[in-house]
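The next block holds one structure in the form of structure tokens; read it before the comments.
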Amino acid sequence: MSEQVESRASPKASDAAAQSPVQAEHEAALLDVVGLKTHFFTFGGVVKAVDGVSLSVRRGETLGVVGESGCGKSVTALSIIGLVPDPPGRTVAGRIDFEGRGDLVGAGAEAMREIRGNEISMIFQEPMTSLNPVFRVGMQIAEAIRLHRKVSKKEAMDSAIEMLGLVGIPSPMARARDYPHQLSGGMRQRVMIAMAMACQPKLLLADEPTTALDVTVQAQILDLMNRMKEASGAAIMLITHDMGVIAEMCQRVSVMYAGVVVEHTDVQTLFANPLHPYTVGLLDSIPRGRGRGGVSGQLKTIPGIVPNLLHLPKGCRFQDRCSQVHAACRQSEPPLARSFDEDGAGHLVRCWLHVSPAETPARPQDQS
Ligand SMILES: Nc1ncnc2c1ncn2[C@@H]1O[C@H](COP(=O)(O)OP(=O)(O)OP(=O)(O)O)[C@@H](O)[C@H]1O
Ligand code: SF4
Ligand SMILES: [Mg+2]
């Protein structure tokens, strides 16, 4: 993804017409992430968890980020909100622009504290690790409010109780006095949403907000998130490994694989015309009746596993699992670029079978 960083690092005013499609995709975004690299420096070596991620979230939309376990979804979100554990993790390259106000990478702890919870907030993958077990939930929400708003303790608690009511917790005044362990998983997730939305953020990073919940509670929580989004106008970056959740919730989707985005387009196009072999595999592995493979009823899986992020192969990261691998794939890594079978949907893909010759030094057949 360095090609995107380079193209943005040296903009020329007269270049508007010659702007790259990837650059255009990032225009006017609420959040614009370009070439983000967050690595973990471990005793075993450098884990390239996020290795050149570019994505953008528009105002008021829900962007889905989907991919298998370990592909860097959570680390991307933690990088955006400035909570990567350091050491061993560090953002070593890239740019995170929020509202066109400048780069959040290296913005400093104080600036990030001001933005976090106030303008960008996060629902974490594990609610029990982000709710403090020894404090009552109402107090935790009230404290989050008082971090960013100059209000009295009483006013903050009143707002916290109001938020608990808004997220559908019955008897919110009584429940505010509960400790996290006294609540069910679904209720805890509602508390997390209440806390995340308490300061009316412009962007909500929701990391697998429903994975641990049963299907009916999952549907209720997704519905709640949609209603909160409508009411507040916030944008959501929704991380999930569930294509069904993507279909229900998102307008656009970024598919991640082994630390990079491999495909990006709107949700209808992704389901109707997936281009990257990994995306095709993900869609084919959706259970019968929900995915593309529904007719035969044969549930397909993607063979193999995600490559070791300590030792990535030369060339395409998906090569060892791809049925269409060819010589070019082992020579160099394709960029994320507009597909040459462009379908008018701002469809970006990182695969030598589809990238536009204008974006790449040569077409696959020229290299093999
Ligand atoms: N503190 C850490 N130290 C070393 N490696 C880490 C650390 N945190 C994350 N990683 C590695 O970074 C990679 C990406 O992790 P991440 O949590 O972002 O994956 P994910 O896509 O969110 O997966 P899941 O769907 O399982 O939540 C993984 O290989 C993980 O082992
Ligand atoms: S670049 Fe090659 S190996 Fe990678 S997804 Fe495309 S065809 Fe498969
Ligand atoms: Mg995760």
task = Among the residues of the stretch 305-330, write down those that are of a type in the set (A, V, I, L, M, F, W, C) and more than 11 Å from TYR278 (Cβ to Cβ).
result = ILE305, LEU309, LEU310, LEU312, VAL325, ALA327, ALA328, CYS329
inquiry  = From the list VAL245, VAL267, VAL255, exactly one residue is under 29 Å from VAL50 (Cα atoms) and within 16 Å of ligand 2 (Cβ to nearest atom). Which is it?
reply    = VAL255
ask   = Considering the stretch 41-75 alone, what residues qualify as being within 16 Å of ligand 2 (Cβ to nearest atom) and among the charged types (D, E, K, R)?
value = ASP51, GLU68
request  = Only one of these is among the hydroxyl-bearing types (Ser, Thr, Tyr) and in contact (Cβ under 8 Å) with a residue 60 or more places away in the chain: SER232, SER285, SER254. Name it.
outcome  = SER254
Residue ranges of helices (runs of 4 or more DSSP H) in the stretch 122-204 with at least 2 members within 16 Å of ligand 3 (Cβ to nearest atom) and closer than 23 Å to GLU61 by Cα = 185-197
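The rows are residues; the columns are (1) closer than 28 Å to TYR278 by Cα; (2) surrounded by 21 or more Cβ atoms within 10 Å (Cβ to Cβ); (3) among the acidic types (Asp, Glu); (4) modelled with pLDDT under 90.
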residue: PRO170; (1), (2), (3), (4): no, no, no, no
residue: ARG175; (1), (2), (3), (4): no, no, no, no
residue: LEU183; (1), (2), (3), (4): no, no, no, no
residue: GLN200; (1), (2), (3), (4): no, no, no, yes
residue: ALA212; (1), (2), (3), (4): yes, no, no, yes
residue: ILE236; (1), (2), (3), (4): yes, yes, no, no
residue: GLN251; (1), (2), (3), (4): yes, no, no, no
ask   = Restricting attention to the stretch 186-208, does a residue exist that is polar (S, T, N, Q), free of Cβ contacts under 8 Å to residues at least 24 places away in the same chain, at positive phi and more than 16 Å from ligand 1 (Cβ to nearest atom)?
value = no
message = Would you confirm, using the coordinates I've provided, whether VAL53 is buried (at least 23 other Cβ atoms within 10 Å of the Cβ), aliphatic (A, V, I, L, M), more than 20 Å from GLN200 (Cβ to Cβ) and modelled with pLDDT of 95 or more?
response = yes
query = Which residue out of ALA111, ALA107, ALA77, ALA93 is under 21 Å from ILE221 (Cα atoms) and either part of a helix (DSSP H, G or I) or more than 10 Å from ligand 1 (Cβ to nearest atom) (or both)?
reply = ALA77
ask   = Just a yes or no: is a residue in the stretch 303-315 at positive phi, assigned to a loop (DSSP other than H, G, I, E, B) and either of a type in the set (D, E, K, R) or modelled with pLDDT of 90 or more (or both)?
value = yes
query = Between residues in the stretch 305-331 that are in the same structural domain as VAL46 (by TED's automatic domain parsing) and residues that are within 16 Å of ligand 3 (Cβ to nearest atom) and polar (S, T, N, Q), which pairs lie under 9 Å by C-beta distance while being six or more apart or on different chains?
reply = VAL306/SER69
query = How many residues are touching an Asp or Glu at 6+ places or on another chain (Cβ under 6 Å) and not in a strand (DSSP E or B) if we restrict to the stretch 33-58?
reply = 0
request  = Scan the stretch 38-72 residue by residue and report those that are free of Cβ contacts under 8 Å to residues at least 12 places away in the same chain and within 16 Å of ligand 3 (Cβ to nearest atom).
outcome  = none
remark   = Of the residues in the stretch 324-338 that are buried (at least 20 other Cβ atoms within 10 Å of the Cβ) and either more than 17 Å from VAL261 (Cβ to Cβ) or over 27 Å from the mean Cα position of the chain (by Cα) (or both), the one that is farthest from ligand 2 (Cβ to nearest atom) is ALA328
note = Among the residues of the stretch 30-46, the number that are among the β-branched types (Val, Ile, Thr) and surrounded by fewer than 20 Cβ atoms within 10 Å (Cβ to Cβ) is 2
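The values are calculated or read from the model by the stated rules, or taken from the named source; none is laboratory data. No experiment lies behind these values; they were computed from the predicted model shown. Cβ sites come from the backbone with ideal geometry, for glycine too, and all protein chains shown count toward neighbours.
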